[in-house]
Structure formats: C-alpha cells, structure tokens
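Remarks on the structure that follows.
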Ligand SMILES: C[S@@+](CC[C@H](N)C(=O)[O-])C[C@H]1O[C@@H](n2cnc3c(N)ncnc32)[C@H](O)[C@@H]1O
C-alpha cells in the first residue's frame, strides 16, 4: 500500500510524482534513493526492497525511529502547537537526547517550522522559525502504513557516493540532489551539502551507474551547466513546475526542471 510522506521537506518532489511515476522502469531489483529527503517517491512506490540515504543525520534518525518504535505518533501529537513549545524544543541540543527523543524533536520542529526548511547555523543548530499554516501531523493510519513500508528499507546517513556504492545491476536509483545556484551556497540543507561544484563528479557517478547497468532517473534544475556534462545517450525531458521558493507570493515561479534517465 502506498503512503504519504511524513516529513515536510524543501525540494520535495510531491508535485512531480505523477511525472516521475510515468518514468519508473517496469521491473527492477532494489530501489535506491541517495538524496532521500521526505522520500515521497519511495512512499508512493512502496518497493519491496530499498535503500534510503541522506547526509542529514536528524532526518535519517527520525525515519529509523518511526520504523522501529510504534508509539512515537501518540507522543508527537500530544505536544502542543504553540510558539512557546516550539522554541523550547528548538533550543534542546539533539546530541544530549536519546535517539527516540531526538526523532520526536526533529519531527515536531519539521511539522511546525517555516516551509519545512531544514537550516542550521554555523554551530549546526537548527534555526528555522516557527511557521504559520503548517497543517498538523498526518493521521495515525498514514503513520502506521509508512512505518510498515519503512520495514523494507535500509536507512543510512551517508553521502550519495557511499549510498550508490551498494547499487548493482538491475537496481533502480532515483537521484534528486539539491538544486544549487552556480557559485552560491544557500545553506538550505546544512553544511557539506551537494552544490553545483559537485556536478562534474556527480555526473561521473551517473556514468559509473550506467556502466554497471543500474537504471537511474535523475531530477535537477534545467541549466546549461548540467546539460553540458551529460553524455548524449541519456534521455532528457524538460518539465515545467510551479515551485514555492521564497514563502511569499512573488517567490512562486515556473522553474524548468530536467529529468534524465538512462533507460
Ligand atoms: C532535493 S532534496 C530531496 C527531496 C526528496 N526527493 C523529496 O521528495 O523529499 C535533497 C536532499 O539531499 C540531501 N543531501 C544534500 N547533499 C547530500 C550529499 N552530498 N549526499 C547525500 N545527501 C545529500 C539533503 O539533505 C536533502 O534531503
């Protein structure tokens, strides 16, 4: 049974799901998502065998605790949605919490923060203000279903290069790195995040997957920088989507994205 993502995430591909689903290979062994974020495609596909990786330790710990612990949901929905509670929880140091409390802190802040953004200051402390109109947690049913789906997933805190080392012939990887503006560090996904300087090395990794006969679907901002690096045998589709960038009206714009596949 497919499920909805439990996490709000800047750059989530929720709106792009129908377009992505049209391009999924009909058969594959393992499903691999090395920049998983909210993993909305994973929850929609409900694959029998998956590897989900991300460099965000708090995110992967939260998914891991949801997978392992049944009653996290009840505890989460008991915490009041107030600015006092939000800022009290935000100032807790995750390194001093056990893995369960750390997950609860992350999930609570993720639900009620501004636009589902994960941003930290120079000391690595989450510093996103409380949002408005954040909605509430998905239902317990959705949580339980997602927990079941996560049982088939191996979850790892890793750079995309490491996650992709596990890919073998016949696997399918959905690869969705952050869209970095050339030469600009946005800080959106924290330090050490993928940025446009990573692109040449990244395309080498795609070529490596292709040689290994791993199928991949890669989504990115449509830009010459990446198109110039791609070999001509990959299939490129241009997609226009409405993307919420800035959090106020003038920030809505039509961005052209590309989808690249090697099958
Ligand atoms: C565009 S988001 C993925 C969104 C996801 N597809 C979804 O629908 O929610 C990119 C993700 O890449 C992660 N990330 C950034 N740099 C990374 C790296 N070098 N290796 C692995 N993950 C990275 C970020 O933490 C973020 O979760």
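Before rounding to the nearest 500, sum -39500 (n - 2.57) across all DSSP H runs of length at least 4 in the chain and divide by the residue total; then give [θ] at 222 nm in deg cm²/dmol. Numbers along the way, then the final one.
Values: 10 runs with 85 residues, N = 263.
Only helices count here, giving -9000 deg cm²/dmol.
Just the projected area, averaged over all directions, of the convex hull on the alpha carbon atoms of the chain: how many nm²?
On the way: hull surface 54.5 nm².
Mean orientational projected area (the chain, Cα hull): 13.6 nm².
Between residue 136 and residue 263, what is the spin-label point distance in nm, taking each point 7 Å from the Cα along the Cα→C-beta axis?
In this crude label model, residue 136 to residue 263 measures out at 4.1 nm.
Return the inverse of the average 1/r over all pairs of distinct C-alpha atoms in segment 1-81, which is the Kirkwood hydrodynamic radius, in Å to one decimal. Write down the numbers at each step before the final one.
Details: mean 1/r = 0.0713 Å⁻¹.
After inverting the mean inverse Cα-Cα distance, the result is 14.0 Å.
Name the residue, out of 78, 119, 221, whose mean-square fluctuation peaks in a Gaussian network model built on the chain with Cα pairs under 10 Å.
Per the Cα network of the chain with a 10 Å cutoff, 78 tops the list.
Note the angle between two axes, namely the Cα long axis of helix 199-211 and the longest principal axis of the Cα atoms of the chain, as a number of degrees from 0 to 90, rounded to the nearest 10.
With both axes taken from Cα atoms, the answer is about 70 degrees.
Would you look at the GNM of the chain, springs on alpha carbons closer than 10 Å, and say which of 112, 179, 160 moves the most?
Among 112, 179, 160, the largest GNM mean-square fluctuation belongs to 179.
If you restrict to DSSP beta bridges whose two residues both lie in the chain, what percentage is antiparallel, to the nearest 5? Mind showing how you got there, number by number?
Values: 17 of 31 bridges.
About 55 percent, rounded to the nearest 5.
Rounded to the nearest 10 degrees, what's the angle between the helix 57-68 long axis and the longest principal axis of the chain, both from Cα atoms, 0 to 90?
80
Would you please report the Å³ per residue occupied by the convex hull of the alpha carbon atoms in segment 4-140? Write out the running numbers ahead of the final one.
Values: hull volume 16.4 nm³, N = 137.
That works out to 119 Å³ per residue.
Residues of segment 146-167 with amide nitrogen under 16 Å from the 7 Å Cα-to-Cβ point of residue 21?
Inside the label zone: nothing.
Here, each number is a calculation from the coordinates, and none is a lab measurement. What you are looking at is a predicted structure, and each value in this text was computed from that prediction instead of being measured. Quick reminder, even Gly has a Cβ in these numbers, built from the backbone with ideal geometry, and neighbours come from all protein chains shown.
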